[in-house]
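Okay, so here's the structure we're looking at.
We did not get these values from a lab; they are worked out from the coordinates using the rules stated. If you're wondering where the values come from, they're calculated on a predicted model, not measured in any experiment. Positions of Cβ are generated from backbone atoms using ideal geometry, with glycine treated the same way; all protein chains shown enter the neighbour counts.
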Amino acid sequence: MDADPKQVVEAGYDRMAEQYLAAKDAQDPPTLAALERLTAALPPGAAVLDLGCGAGVPVARWLAQRFAVTGVDISARQLELARQQVPGGTFHKADMTTLTFPAGTFAAVVSFYAIIHVPRAEQPALLARIHEWLKPGGGFLATWAMQTWEGTEANWEGWGAPMWWSHYDQETNLALLRTAGFTIVWSEVRTHHGETWLWVLASRQ
C-alpha cells in the first residue's frame, strides 16, 4: 500500500477510538484472570508497562488499581480516552518501537492485540528491548496471531476507517520470544471474542 502502515494504524484508531472503547468489556474475565496470573507475586505499586494501551479498558484500568501503570499508544485520541478512563495512569503517545527506558525499569509488561500492528521486521528488536526493560524475574504477557499475514482491511468492523496488521504464526512468535532471551512460562491458544489467539506469559530470568 502507498500509505505508511503505522500512519494507517494511528489514523484508524484515532477515528474509531470511541467505537473501539464501546466494544470493550470492562470486566473481561479471561483478560483479568491472565493479569492476575502475571502480577500475583508483584508488590503493590510495582511499575508495569502497557504497550498499545488504547483507551485503557480493561487492562490499564485494572492495573492502575494495584500498580504504577505506564500506558503507551500510537493514537492520540485513544490516549485522551485513556486519561479519562484511568486517571491514575501515566500515558505517552509513541510508536512502541522507538521507546527508550532504562534497563530493569518494569516489574511486568503487557501488550494485548497491539504488537500485531508492528511491522514484522521490527518485532525482533522490539522484543529484545522489552526483555531489557524488565527487571530480572519480570513477566511479559501478550497476545499473538496464529498465522503469518500482513495486510489491510478497508473498513475494519464497519467503523469507517482502514486498519493494518503484520504478524507471524504461532511457532515463529514463540521462537522470537526465546531468541530475545525470554523463557516461556505458559502459552495457550484461546478463542476470545470469536477469534483465536495465542496468549503467552514469558519471563526474563
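The table below lists the values:
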{"read-out": "Kirkwood hydrodynamic radius over Cα pairs of the stretch 5-203, then Stokes diffusion coefficient at 37 °C and 0.692 mPa s, in µm²/s", "value": "196 µm²/s"}
{"read-out": "Taking the chain and dividing mean pair separation by its residue count, relative contact order in percent (alpha carbons under 8 Å, at least six apart)", "value": "19 percent"}
{"read-out": "25 Å Cα-Cα reach of Lys24 towards lysines, excluding residues that sit fewer than 8 places from it in its own chain", "value": "Lys6, Lys93"}
{"read-out": "Assigned charges on the beta-carbon of Lys, Arg, Asp, Glu; the stretch 5-203 dipole about Cα centre (debye)", "value": "540 debye"}
